[in-house]
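**Student:** Mind looking over this structure? Questions follow.
The values are calculated or read from the model by the stated rules, or taken from the named source; none is laboratory data. Note that this is a predicted model, so its numbers are computed, not measured. Positions of Cβ are generated from backbone atoms using ideal geometry, with glycine treated the same way; all protein chains shown enter the neighbour counts. Protein only, heavy atoms only, side chains kept; ligands, DNA and RNA dropped before computing areas. Shrake-Rupley method; radii C 1.70, N 1.55, O 1.52, S 1.80 Å.
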Amino acid sequence: MILLLVTFAPIVAAISIMIGFPARLTALAASLLTLLISAIIFLRFNALGGFQFVVTFPISPELGLNFTLGVDGLSLLMILLGAIVLVAAVWFTGEIEHHENAFYACLLLIAGGAIGAFASLNLFFFYAFHELALIPTFLLIGIWGTGNRRAAAWKVTIYLALGSIILLVGLIMLYRAVPATARSLDLRILQAEQIPASLQSSIYLVLFIGFGVLISLVPFHTWAPEAYACAPAPAAMLHAGVLKKFGLYGLLRLALPLLPEGARQWSGILLVLLLANIIYIGLVTIAQRRLDWMLGYSSVMHMGYIFLGIASANILGATGAAILMFAHGLSIALLFGITGEIRKRVSSLDFDAMGGLAKAMPFAAFAFGLGVFAAIGLPGFANFAAEIMVVFGAFRNGFDYQHFHIFQWATLLALWGVVISAVYMLRAYRRTFFGNSAKSELVIADIYSSFSVPIALLVTVSLLLGFFPQIAVNLLVPAFRNYFSATQ
Amino acid sequence: MISAPYLEVAVLVLGAVILLIESFSSKLDRRYLGYAALVGLTLIFLATFRVAPQTATSSAPFWDFYSADTTSLFFKRIALATTAGVIVMILDFAPLVATGIQGTTPQSGLGEFFALPLFTCAGLMWMSSAIDFVLIFVSLELVTISFYVLVGFTRRNPTSLEAAVKYLVLSAVATGFLVYGITWIFGATGETNLQKITTVLSRPGLEQNAALFGAVLVIVALGFKIAAVPFHIWVADVYQGAPTPVTAYLSVGSKAAGFVVLLRVLDPFLLLPQMQTLLVAIAVLTLIYGNLAALPQTNVKRLLAYSSIAHAGYLLVAVVSFSGRAVAFYLVAYLLMTLLSFAVLILVSQPGGDQLESFAGLSQRSPFLAFAMLVAMASLAGVPFTAGFLGKFLVFDAAIATHHFGLVVVAIVTVGAGFYYYFKVVRAIYWDAPSSSTDKIIVSPLTRAALIALIAGTFVLGVYPQPIFDALAR
């Protein structure tokens, strides 16, 4: 029952706001409530207990369709991420000039959709909840965005709709691949089935393309930087921080455990693509001349590391990938939040036009610095712990290759990404906050001191996991142990 | 328990009574006729649940023509619900009828506008029960002839007249194909009853090609009814020119009845490989043409016309995949979302016309209508939690189960294209500032109730399809 509450709190709040409740107050209350409930779930969760807090409502026995919610360690971690970023995003929403209620409703719908997708154990609702975010994203970017917002809104909508429909086909193929007696959309029933090896390859490919579009894997990444650069800051925080993790979550939840043979066959291609994400997009990021575009590209680039963890197909790599999803969500949300505040105060986010902002905005500079350090994986932040696990996991990998193999090469190349991300992040930090200040911008005010609450929330959680990654590992390893027993 | 044929009789009597009152009472406010038709249709709709499904067990020759199985009952309900929705739309459309006819009194002609859809409805209901080519032909003609009048009903309006002429000519050609096809099938098999044709066809040593040729001709005629490519040429102009409630009726009622007849007629032939190839080709053409042609449209009525072609494509995918369940569910979803969008269109277009600009800033002029249109567009595009999505889910499921992967690939691309043109309307509603008029739009209580029912239906069927499956299975 408690899962129903955490899933529907944001959605009900969105509806209440649309019928006239005070927008900011309701949104804040609902997001804090969501965080509180997910914290309660976390405290009452038994890491060794499999799927817990399960609620089921039968819908159509003919289709094997139930509305089923339940969490294991992996989905719990993702729900926590969604709740934390939702609080931060709502808090960071300043004054909205027109249609304030619709703005908050859209934010809550995106978060509610993401949380619902993470909590769903039925493929139909797993898919449906994710798509709930489609129209709000379209409206958020199109109405309240900046820059070339209209083109960006169209691009992200068409891209994600197309990716989703490919994903839907993949899910139906999965559903049709099991014998008719066991046919069900329920994840737990599917996990008990063996998918014939001959079908695994094609299903994996379709799922991989569908999820790949949603995650902005090269070459399907072109929607992401523009959308994040043009989106209003809270929307970018939620989308890049939480919603985009849906695709990675789907790969960890479906593709790896159900289609191990498919994963093995396509791992070579996957490694090439994710290296393109890390190296090629990394270099593109260095070349960016605007802060918002730089952040947009950096979020595409970091997906490569998470992919590397997933591709490694062993417990260590998958655990690292899951923690990195969480950690990246926190750091990118912090960076996009502060950038949104800067955007409101300066005329242009071009690096050449900025500089010396630390004098006028010392608090923003401090918070942004923490975000930068987290993003480049400085020890002490969760990103560091996660990247270490991913790299070690990938080097060993779950496929038992006996000699020096493409996995080892890929890991070595991927390590260079750490250097690349340090270069672009620190350069951006320097050119934004230090150096010569641009003329007329000395009078601008620092961000509100009340924003210290969401910033502290994001940073504390990241530091906590950075120093005690065991908290997350204890959650995740039992969830993954069943999947990889064969290969580990 | 009621016997199924009384349902059609009741609808005909209702229509005849309304026509009589229209002719002999000059003082009555004609809108009461509309309310009377609504009440009557609702009662008949409820009566369908008291009908015992029955197949051709009786020895009476009547049951060789007429089937009252669950499928036909289901499609009778679709016809009744559609007609009720159209009557509500006509009530909203009444002011435009007056300008389109310019009779002696302000309301002249309005009464007939309520009676004619009832005769069409009876035809649609017979079509859904027809298991003999003779009844198929007769009921189809009843539908088509009443549509001739309806399409050209606002006769002072040149575009309506143009639409009527186009519909008349092309429809007559389609009828010709139908009759010709029926003769070939009769000549080859010696039967007009569909079940008997199936038995004859399975007989060894029978020359199948003649019957197959006849079946192709019948498909041409039915392709006209369901607006499949390449028999779609009439659709855009007729939909745009006809009075908007009639467009909605053509788009939903005519298509639903066309599909139920198609399912029945194809039953003997569908397993033949040639027929499979032909239908796959038609489905691919329909999907691609409907969706691509809808992309550049700026007139909402025309956009919905092409979208109706596109949806015929998805329905054909379900037909090729032998999934009667997917066809039936998709048609219900299509009914809900299409009636919803046309009902909003009637209210929005009365001051400003059918252009996309009339929808600009609708979110400020009427948040309720804006939301209704958003739901309709989301469902047409296939966004989850709406009936339209579940329909697409079932269609994709059926296609994958029967290994029609080529169709799946085409459908993926066209669904992506669909998001673009449906979201164009959403964009106009929410992004753009009101262009001409900023007046609030007044929605009558009856229309508001109908819209709320359609929205609720769209959402409920989007997550809970079981009532439809139950109605089909019992």
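**Student:** Taking only Cα atoms of chain A, what ratio of Rg to Rh do you get with Rh as the Kirkwood inverse-distance radius?
**Tutor:** Working: Rg = 21.3 Å, Rh = 22.3 Å.
Here Rg/Rh amounts to 0.95.
**Student:** Send over the semi-axes of the protein assembly as shown's equivalent ellipsoid, whole angstrom and largest first, taken as the square roots of 5 times the C-alpha gyration tensor eigenvalues. Before the final figure, lay out each step's value.
**Tutor:** Values: eigenvalues 591, 219, 105 Å².
Value: 54, 33, 23 Å, ordered largest first.
**Student:** Cα-based Rg (one decimal) and Dmax (whole number) for segment A:180-285, in Å?
**Tutor:** 16.1, 51
**Student:** If one puts a single equal scatterer on every Cα of segment A:41-116 and applies the Debye formula without solvent, what log₁₀ I(q)/I(0) results at q = 0.12, 0.15, 0.16 Å⁻¹?
**Tutor:** -0.50, -0.70, -0.75
**Student:** Averaged over A:57-64, how many beta carbons belonging to a partner chain fall within 10 Å of each residue's beta carbon?
**Tutor:** Mean partner shielding for this stretch: 4.
**Student:** Given A:Lys155/A:Lys244; A:Lys155/B:Lys392; A:Lys155/A:Lys344, which pairs have Cα atoms separated by over 21 Å?
**Tutor:** Details: A:Lys155/A:Lys244 16 Å; A:Lys155/B:Lys392 23 Å; A:Lys155/A:Lys344 25 Å.
Too far apart for the 21 Å limit: A:Lys155/B:Lys392; A:Lys155/A:Lys344.
**Student:** Top to bottom by accessible area (1.4 Å), largest first, where do B:Phe231, B:Phe114 land? Working shown, then result.
**Tutor:** Numbers: B:Phe231 50, B:Phe114 0 Å².
Reading off the accessible areas and sorting them downward yields B:Phe231, B:Phe114.
**Student:** Just to confirm a number: summing +1 for Lys and Arg and -1 for Asp and Glu over residues other than B:Ser366 whose beta-carbon lies under 14 angstrom from that of B:Ser366, what do you get?
**Tutor:** On the way: positive: B:Arg365, B:Lys440, B:Arg448; negative: B:Asp92, B:Asp439.
Charge balance in the 14 Å sphere: +1.
**Student:** Using the per-residue mean of other Cβ atoms lying within 10 Å as a proxy for protection, in what order, highest first, do the peptides A:194-203, B:12-21 fall?
**Tutor:** On the way: A:194-203: 15.9, B:12-21: 17.5.
Descending mean neighbour count gives B:12-21, A:194-203.
**Student:** Using a simple spin-label model with points 7 Å from Cα along the Cα→Cβ vector, what separation in nm is obtained for B:Ala60 and B:Ser23?
**Tutor:** 2.9
**Student:** So if I place +1 on the C-beta of Lys and Arg and -1 on the C-beta of Asp and Glu, and nothing else carries charge, what would the dipole magnitude of chain A be about its Cα centre? I want it in debye, nearest 20. Spell out each step's value before the answer.
**Tutor:** Numbers: 24 positive and 18 negative charges, 94 e Å.
Magnitude of the dipole: close to 440 debye.
**Student:** Hey, another quick one. For chain A, what are the DSSP H helices with axial Cα length of 30 Å or more and mean Kyte-Doolittle hydropathy of at least -0.5? Could you put the intermediate results ahead of the total?
**Tutor:** Details: long enough: A:23-44 (31 Å, 1.81); A:149-177 (41 Å, 1.27); A:291-312 (32 Å, 0.96); A:315-345 (45 Å, 1.10); A:406-433 (41 Å, 0.98).
Those that pass (Cα extent of 30 Å or more, hydropathy at least -0.5) are A:23-44, A:149-177, A:291-312, A:315-345, A:406-433.
**Student:** Using the Cα centre of segment B:27-165 as the reference point, and only Cβ charges (+1 on K/R, -1 on D/E), how large is the resulting charge dipole? Debye, rounded to the nearest 20.
**Tutor:** Values: 8 positive and 8 negative charges, 92 e Å.
The calculated dipole for segment B:27-165 is roughly 440 debye.
**Student:** While we're on this one: If amide hydrogens are placed 1.01 Å from N in the peptide plane, which non-local residues have theirs closer than 5 Å to the one on A:Gln52?
**Tutor:** A:Val71, A:Asp72
**Student:** Please identify the GluC sites (Glu not before Pro) of segment A:39-118 that satisfy two criteria: DSSP loop assignment and at most 10 other Cβ atoms within 10 Å. Which are they?
**Tutor:** Working: sites: A:Glu62, A:Glu95, A:Glu97, A:Glu100; in loops: A:Glu62, A:Glu95, A:Glu97.
In loop regions of segment A:39-118 (DSSP not H, G, I, E or B), the sparsely surrounded GluC sites (Glu not before Pro) are A:Glu95, A:Glu97.
**Student:** When you look at the Cβ of every residue in A:161-170, what mean number of other chain Cβ atoms sits within 10 Å?
**Tutor:** 6
**Student:** Can you list the residues, at least 5 places off or on another chain, whose amide H is less than 5 Å from the amide H of A:Phe67, using H built in the peptide plane?
**Tutor:** HN-HN under 5 Å from A:Phe67: A:Phe57, A:Ile59.
**Student:** Right, another one. What FRET efficiency would be calculated for the residue pair B:Thr104, B:Glu162, taking the C-beta separation as r and a Förster radius of 25 Å, to the nearest 0.05? Display every interim value, and only then the final one.
**Tutor:** On the way: r = 26 Å, r/R0 = 1.02.
It comes out at approximately 0.45.
**Student:** Just the number, please: carbon plus sulfur as a percent of the accessible area of segment A:16-75, 1.4 Å probe, no ligands or DNA/RNA counted. If you can, show how the numbers build up before the last one.
**Tutor:** Working: 2010 of 2760 Å².
For segment A:16-75, the apolar C and S fraction of the accessible surface comes to 73 percent.
**Student:** Something else about it: Which FRET efficiency value, to the nearest 0.05, do you get for B:Tyr148 and A:Phe45 by plugging their Cβ-Cβ distance into 1/(1 + (r/R0)^6) with R0 = 56 Å? Provide the component values of the computation, followed by the final result.
**Tutor:** Numbers: r = 68 Å, r/R0 = 1.21.
Given R0 = 56 Å and the Cβ-Cβ separation, E is 0.25.
**Student:** With a 1.4 Å probe and every protein chain left in place, tell me how much accessible area A:Met18 has, in Å² to the nearest 10.
**Tutor:** For A:Met18, solvent-accessible area is about 110 Å².
**Student:** Taking the inverse of the average 1/r across all pairs of different Cα atoms in chain B, what Kirkwood radius in Å do you get?
**Tutor:** On the way: mean 1/r = 0.0445 Å⁻¹.
Taking every pair of different Cα atoms in chain B, averaging 1/r and inverting gives 22.5 Å.
**Student:** Something else: Projecting each Cα onto the charge dipole of chain A (Lys/Arg +1, Asp/Glu -1 at the beta carbon, about the Cα centre), which of A:Val459, A:Ala263, A:Gly73 comes out farthest on the positive side?
**Tutor:** Selected residue: A:Val459.
**Student:** Follow-up question, since we're still on this one. Full-extension gain between A:Arg481 and A:Glu193, please, as 0.36 nm times their residue separation minus the C-alpha to C-alpha distance. Kindly include the intermediate steps, with their values, before the conclusion.
**Tutor:** Details: separation 288, 0.36 × 288 = 103.68 nm, distance 1.69 nm.
In short, 102.0 nm is gained.
**Student:** Measure of size requested: the Rg and Dmax of segment B:145-233, with Cα atoms as the atom set and Å as the unit; please supply both.
**Tutor:** 17.0, 59
**Student:** Take the Cβ-Cβ distance between B:Arg50 and B:Ala473 as r, set R0 to 22 Å, and report the resulting FRET efficiency rounded to the nearest 0.05. Each step should come with its number before you reach the end.
**Tutor:** Values: r = 18 Å, r/R0 = 0.83.
Calculated transfer efficiency: 0.75.
**Student:** Further question on the same structure: Cβ under 14 Å from B:Leu347's Cβ, B:Leu347 left aside: what net charge do those residues give with Lys, Arg +1 and Asp, Glu -1?
**Tutor:** On the way: positive: B:Lys301, B:Arg365, B:Lys440, B:Arg448; negative: B:Asp92, B:Asp354, B:Asp439.
Charge balance in the 14 Å sphere: +1.
**Student:** Here's another thing I want to ask about it. Please compute the contact order of chain A in relative form: average sequence separation of alpha-carbon pairs under 8 Å and at least six residues apart, divided by the residue count, as a percent.
**Tutor:** Working: 881 pairs, mean separation 77.1, N = 488.
It comes to 16 percent, rounded to a whole number.
**Student:** Taking 0.36 nm per residue of separation and subtracting the Cα-Cα distance, what length does fully extending A:Ala151 through A:Asp352 add?
**Tutor:** Working: separation 201, 0.36 × 201 = 72.36 nm, distance 2.51 nm.
The span from A:Ala151 to A:Asp352 would gain 69.9 nm if fully extended.
**Student:** Count the net charge of all other residues whose Cβ sits under 11 Å from the Cβ of B:Glu112, scoring Lys and Arg as +1 and Asp and Glu as -1.
**Tutor:** Working: positive: B:Arg30; negative: B:Glu22.
Around B:Glu112, the surrounding residues sum to 0.
**Student:** Spin-label point model (7 Å from Cα, Cβ direction): what's the A:Ala180 to A:Phe57 distance in nm?
**Tutor:** Calculated label separation equals 3.1 nm.
**Student:** Normalised radius of gyration for segment A:339-488, please: alpha carbon Rg relative to 2.2 N^0.38 Å, two decimal places.
**Tutor:** Working: Rg = 20.2 Å, N = 150, 2.2 N^0.38 = 14.8 Å.
Rounded to two decimals, the normalised Rg is 1.37.
**Student:** May I ask you to derive the relative contact order of segment A:313-450, considering only C-alpha pairs under 8 Å and at least 6 residues apart, and to give it as an integer percent? Display every interim value, and only then the final one.
**Tutor:** Working: 158 pairs, mean separation 58.2, N = 138.
Relative contact order for segment A:313-450 comes out at 42 percent.
**Student:** Need the list of lysines near B:Lys166 for cross-linking: C-alpha distance under 24 angstrom, and skip anything on the same chain fewer than eight residues off.
**Tutor:** Within reach: B:Lys225, B:Lys255, B:Lys301.
**Student:** So what's segment B:317-474 giving for Rg/Rh, alpha carbon basis, Kirkwood Rh from the mean inverse pair distance?
**Tutor:** Working: Rg = 17.1 Å, Rh = 16.5 Å.
For segment B:317-474, the value is 1.03.
**Student:** Same structure again: Could you grab the relative contact order for chain B? Cα pairs under 8 Å, six or more apart, rounded to a whole percent.
**Tutor:** Working: 753 pairs, mean separation 66.4, N = 474.
Here the relative contact order equals 14 percent.
**Student:** Given the Cα-Cα distance of B:Ala453 and B:Asp69 and 0.36 nm per residue of separation, how much length would full extension add, in nm?
**Tutor:** Details: separation 384, 0.36 × 384 = 138.24 nm, distance 2.74 nm.
So the extension gain works out to 135.5 nm.
**Student:** Quick one: what are the phi-derived ³J(HN,Hα) couplings along segment B:42-47, Karplus 6.51/-1.76/1.60 with θ = phi - 60°, whole Hz, x for glycine and proline?
**Tutor:** The phi angles translate into 4, 4, 5, 4, 5, 5 Hz.
**Student:** Let me ask you something else. What's the Kirkwood radius of segment B:284-404 in Å, using all Cα pairs? Let's see the in-between values first.
**Tutor:** Numbers: mean 1/r = 0.0669 Å⁻¹.
Evaluated over segment B:284-404, this radius sits at 15.0 Å.
**Student:** Same structure again: Any chance you could get the radius of gyration and Dmax over the Cα atoms of segment B:79-232, in Å?
**Tutor:** Calculated on Cα positions, Rg and Dmax stand at 19.0, 67 Å.
**Student:** Along the charge dipole of segment A:315-445, which of A:Phe373, A:Ala428, A:Ala322 sits closest to the positive end, that is, farthest toward it, with unit charges on the beta carbon of Lys, Arg, Asp and Glu (+1, +1, -1, -1)?
**Tutor:** A:Ala428
**Student:** Turning to a different aspect of this structure: Which residue, chosen from A:Ser216, A:Val242, A:Leu3, occupies the Cα position most advanced towards the positive end of the dipole of chain A, where the dipole is computed from +1 (Lys, Arg) and -1 (Asp, Glu) charges on Cβ about the Cα centre?
**Tutor:** A:Ser216
**Student:** Something else: Looking at the protein assembly as shown, what % of its DSSP beta bridges pair antiparallel, to the nearest 5?
**Tutor:** Values: 13 of 14 bridges.
That works out to approximately 95 percent antiparallel.
**Student:** Taking θ = phi - 60°, what integer Hz values does the Karplus form 6.51 cos²θ - 1.76 cosθ + 1.60 yield along segment B:347-363, in sequence order, with x for Gly and Pro?
**Tutor:** Values, residue by residue: 5, 6, 7, 4, x, x, x, 7, 5, 4, 5, 4, 7, 4, x, 4, 4 Hz.
**Student:** Follow-up question, since we're still on this one. Mind checking Rg over Rh on segment A:1-154, alpha carbons, Kirkwood formula for Rh? Don't jump to the answer; show the numbers that get you there.
**Tutor:** Values: Rg = 16.2 Å, Rh = 16.1 Å.
A ratio of 1.01.
**Student:** Mind checking the dipole of the protein assembly as shown: about its Cα centre, +1 per Lys or Arg Cβ, -1 per Asp or Glu Cβ, Debye to the nearest 20?
**Tutor:** Values: 48 positive and 38 negative charges, 203 e Å.
It comes to approximately 980 debye.
**Student:** 5 Å is the cut-off here: which amide hydrogens, built 1.01 Å from N in the peptide plane, fall below it relative to B:Val51, excluding neighbours closer than 5 in sequence?
**Tutor:** The list, which skips near neighbours in sequence, is B:Ile2.
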